[in-house]
Number of protein chains: 2
Amino acid sequence: PALCLFHQFPRIRPCGLAIRRDGDAHVTPGQLGPLFLLADCQTETGKAWVCPTVRQTLLQIANDPTLDHEYLPVLGFPEFTRAATELALGRESRAVIENRAGGIHTVGGTGAVRIGAEFLWRWYNTSSPTPIAVYIAFPQWGNLRCIFQDVGFTEIQPYHYWDTVRLAVAVEGFLEVLESAPDCSIVVLHAPEETGLTPKQWEKVARVMGRKRLFPFFDVPAQGLASGDLDRDAWALRHFVAQGFELFCAQSFSKTFGLYDERVGNLIVVARDNETLVRIRSQLQKQVMGTWATPASLGARVIATVLNNPALLNKWKQSLRMLAEKIMLILEKLKEKLRILGTPGCWDHLTAQSGTRSFTGLLSSQVAFLEKHKHIYLLGNGQVSVCSINSHNLDYVAQSINEAVSSTEGRAQGLSWAEME
Amino acid sequence: PALCLFHQFPRIRPCGLAIRRDGDAHVTPGQLGPLFLLADCQTETGKAWVCPTVRQTLLQIANDPTLDHEYLPVLGFPEFTRAATELALGRESRAVIENRAGGIHTVGGTGAVRIGAEFLWRWYNTSSPTPIAVYIAFPQWGNLRCIFQDVGFTEIQPYHYWDTVRLAVAVEGFLEVLESAPDCSIVVLHAPEETGLTPKQWEKVARVMGRKRLFPFFDVPAQGLASGDLDRDAWALRHFVAQGFELFCAQSFSKTFGLYDERVGNLIVVARDNETLVRIRSQLQKQVMGTWATPASLGARVIATVLNNPALLNKWKQSLRMLAEKIMLILEKLKEKLRILGTPGCWDHLTAQSGTRSFTGLLSSQVAFLEKHKHIYLLGNGQVSVCSINSHNLDYVAQSINEAVSSTEGRAQGLSWAEME
């Protein structure tokens, strides 16, 4: 007789996760096969881009007979976390010099957010008589909300930095949300370099957050890919650090090195002093021991090799610049094609944005049209990963968008976020 | 003015983690430098052992220009989870054939235990009017207890399968604990192949657990290293599956491949039918997305290559057999040395055990003596990792144990677990 122990559980629900990948049953091929405008940086042939210095370094590592495969320390590969933290904060950052900023090597950017969120839940939320609220930007709402919910937070609120009506950055609305947030709330600042906020606007955000003692949790998935310049992309984070904020910053290297599968992340802690940093790292270490014990080493070894070698570092920076330029060029070309096709509406917002993710301004009905009739898949809010458009599929994408917009009523000019949900 | 947000938190305690490693400030070198009898499989020169087929496969992978570094699926590398699950359950297992057993690729064995424990907390504990109890064997009490506590379990109880008085397997005590456990409790069965229980004894354990509907959570860190035979080491797990139990099994490949730093684990789910398996995997997928998103690929790619290639598989099995024989030989030699030195007491229990971890029967005072005077570090309960003893340090270890036992009162013959704590 089978010992059906799982049937002692309440009925375990299957969850409907909407991850679409090549090979999924409900994906049908279009003219060019199914086209996923969600993919990360790709080459012209649609394969995931790998930074050339990465391939070279991987071979070096595999050929090194002195390397064994002993566990890394719980908090990871120290040469990596140091270099990564300096890359984000700047080598001259006072927090770095004063030894009050440090990283812990995590399993990808998700792992960094998870460990940080869990720490905040244990040490921050429990100290408050009312539940601490967490504010997350709407475009990243789905995944980040799941993590904060998973660790226990119940008060999770969205904010918007993109105006779907004007198709432009909406800093006023963002500032209003911050002003009305309960003091000491947590604000997740995902991909600050891609939001399109100017330094002046970030200064305002920092002022409000400082006055209200809101806790900044940065999440930086692709430093360098928005402007092509590592320092420029780190402006907002460095401004907060310079203003004296204590904060967390989850950092990922998947996109910038094309090393998606090796899961390299870093959770940066900036504290008031070294003693606070040491105490926090000690608790994070305990959490990591109960989650994955120690992180995987290969990816961090590759990245540490590149970041700590001036010649390789320069080559990598060149690759980043080229990739960022390619992204901008694709958006220029797409805008131009739409203009030539006479697609209704103004498409200037395409080139006003920067970074790997871009709001197309398409309505969810138009997204559905693309999916059904053109087998092109993008996010319901009209966001695409620009890197998945290349010279082979650009014409098809532009024509399809043109058809979608022409065949449905008007453009995404008039819809609020509420209506889009 | 610094925005000291962490100081809004209640004072964050530093936690006193007792991880001792080379380079720790409080470790002083002895005659041979500090000697850690806690390390995993090592070569004669004290470097972590790497399976030769692993080195070869790593080079192949680094030289393969067709591989990109795209994310793995959330539940990992399918070729790996399938091969790993079959390795544990056997290719002919009815659960495998009936498509009701499946693995999810995790970040190490710790990650597998973590994801499984979290699932049980969410879906099992919440269904019970009283908190579900978790039983964990005393030798693994520390780390596994942390994981189950971390996810929320409060009722965690130790059990013993080793009698510190008789220095032998203590199945009666183990069965008594199971009999007195509340129905439907969770029982963690860590390293079943190393406990020294005979098949007859495992049958008794399974009968009691079945009658009381206790949920078995296997944790298999080194299948093949106890007896040198993969199938023999999997006897207990396969018996439970054959008896119709639904269960979890966390599987690690760190020790058996010498790939500690690539963090390769697999959480095996055995369910009554495919439909239950699908529902469970779907929920596990959601958990993984909020923890590390997808696992790292390199280690799983190496292991899948070896497990799925008959020639490499044979070579790897040979390496495992050699390693297991080496472990047995070390224990034989250590026993012989202690006999020649005239160390008080009988040391037969050393060779009566198998696997990488062995109870020496040393008292905590003797462990402290070794630490203070000989700079030899082992677990407080007298357990050592046998692999860290080699021909270079064997004499020193034997002489040191002899001094420790001779200089303190008597041997570890007369102490109960309670007294050892």
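The values are calculated or read from the model by the stated rules, or taken from the named source; none is laboratory data. Please read all numbers here as calculations on a predicted model, not as lab measurements. Virtual Cβ from ideal backbone geometry, glycine too; neighbours counted across all protein chains shown.
Observations, loosely collected:
- Extreme residue, nearest to the chain's Cα centre (by Cα), among residues of the range B:136-155 that are small (Gly, Ala, Ser) and within 14 Å of chain A (Cβ to nearest Cβ): B:Gly142
- Of the residues making up the range B:156-193, those that are touching a residue at least 12 places away in the same chain (Cβ under 8 Å), part of a loop (DSSP other than H, G, I, E, B) and farther than 20 Å from B:Ile132 by Cβ are B:His160, B:Tyr161, B:Thr164, B:Val165, B:Leu167, B:Ala191.
- Against the list (1) within 8 Å of chain B (Cβ to nearest Cβ); (2) touching a Leu at 6+ places or on another chain (Cβ under 7 Å); (3) in a helix (DSSP H, G or I); (4) in contact (Cβ under 8 Å) with a residue 12 or more places away in the chain, the condition A:Thr294 fails is (3).
- Residue count for the range B:66-94, restricted to those that are of a type in the set (A, V, I, L, M, F, W, C) and either at the interface with chain A (Cβ under 10 Å from one of its Cβ atoms) or touching a Gly at 6+ places or on another chain (Cβ under 6 Å) (or both): 5
- Residue among B:Gly108, B:Gly103, B:Gly116 that is away from chain A (no Cβ under 14 Å) and either crowded, with 24+ Cβ neighbours inside 10 Å or closer than 25 Å to A:Glu262 by Cβ (or both): B:Gly103
- Qualifying residue in the range A:163-181 (condition: more than 22 Å from the chain's Cα centre (by Cα), within 25 Å of A:Glu193 (Cβ to Cβ) and among the basic types (Lys, Arg)): yes
- Selection count, the range B:194-230, where residues are in contact with a Gly (Cβ under 9 Å, 6 or more places away or on another chain), within 18 Å of B:Gly258 (Cα to Cα) and part of a loop (DSSP other than H, G, I, E, B): 5
- When B:Ala39 is tested against (1) modelled with pLDDT of 65 or more; (2) within 24 Å of the chain's Cα centre (by Cα); (3) surrounded by 16 or more Cβ atoms within 10 Å (Cβ to Cβ); (4) within 14 Å of chain A (Cβ to nearest Cβ), exactly one condition is not met: (1).
- Search result, residues across the range A:87-121 that are in a helix (DSSP H, G or I) and without any contact (Cβ under 8 Å) to a residue 24 or more places away in the chain: A:Val96, A:Ile97
- Here is the figure for the range B:134-155: residues that are part of a strand (DSSP E or B) and surrounded by fewer than 19 Cβ atoms within 10 Å (Cβ to Cβ) total 1.
- Top-ranked residue of the range B:383-414 - restricted to ones that are outside any helix (DSSP H, G or I) and surrounded by 22 or more Cβ atoms within 10 Å (Cβ to Cβ), ranked as modelled with the lowest pLDDT: B:Ala412
- Conditions (1) at the interface with chain B (Cβ under 10 Å from one of its Cβ atoms); (2) more than 27 Å from B:Ser254 (Cβ to Cβ): number failed by A:Asn309: (1)
- Filtering the range A:43-65 to residues that are more than 9 Å from chain B (Cβ to nearest Cβ) and either on the phi > 0 side of the Ramachandran plot or hydroxyl-bearing (Ser, Thr, Tyr) (or both) leaves A:Thr45, A:Gly46, A:Thr53, A:Thr57.
- B:Val208, sole failed condition from (1) more than 14 Å from chain A (Cβ to nearest Cβ); (2) over 19 Å from the mean Cα position of the chain (by Cα): (1)
- Long-range neighbours under 9 Å by Cβ, at least six apart or interchain, first residue part of a helix (DSSP H, G or I) within the range B:356-380, second surrounded by fewer than 20 Cβ atoms within 10 Å (Cβ to Cβ) and aromatic (Phe, Trp, Tyr): B:Lys374/B:Tyr396
- Pick from the range B:124-133, criterion within 11 Å of another protein chain (Cβ to nearest Cβ) and buried (at least 18 other Cβ atoms within 10 Å of the Cβ), ranking: modelled with the highest pLDDT: B:Ile132
- Just so you know, in the range A:332-341 the residues that are free of Cβ contacts under 8 Å to residues at least 40 places away in the same chain and of a type outside the set (A, V, I, L, M, F, W, C) include one that is farthest from A:Thr198 (Cα to Cα), and it is A:Arg339.
- Scanning the range B:243-265 for residues that are assigned to a helix (DSSP H, G or I) and either within 11 Å of A:Tyr71 (Cα to Cα) or of a type in the set (Gly, Ala, Ser) (or both) yields B:Ser254, B:Lys255, B:Tyr260, B:Asp261, B:Glu262.
- Unique match (being within 12 Å of chain A (Cβ to nearest Cβ), touching a residue at least 60 places away in the same chain (Cβ under 8 Å) and acidic (Asp, Glu)) among B:Asp231, B:Asp273: B:Asp273
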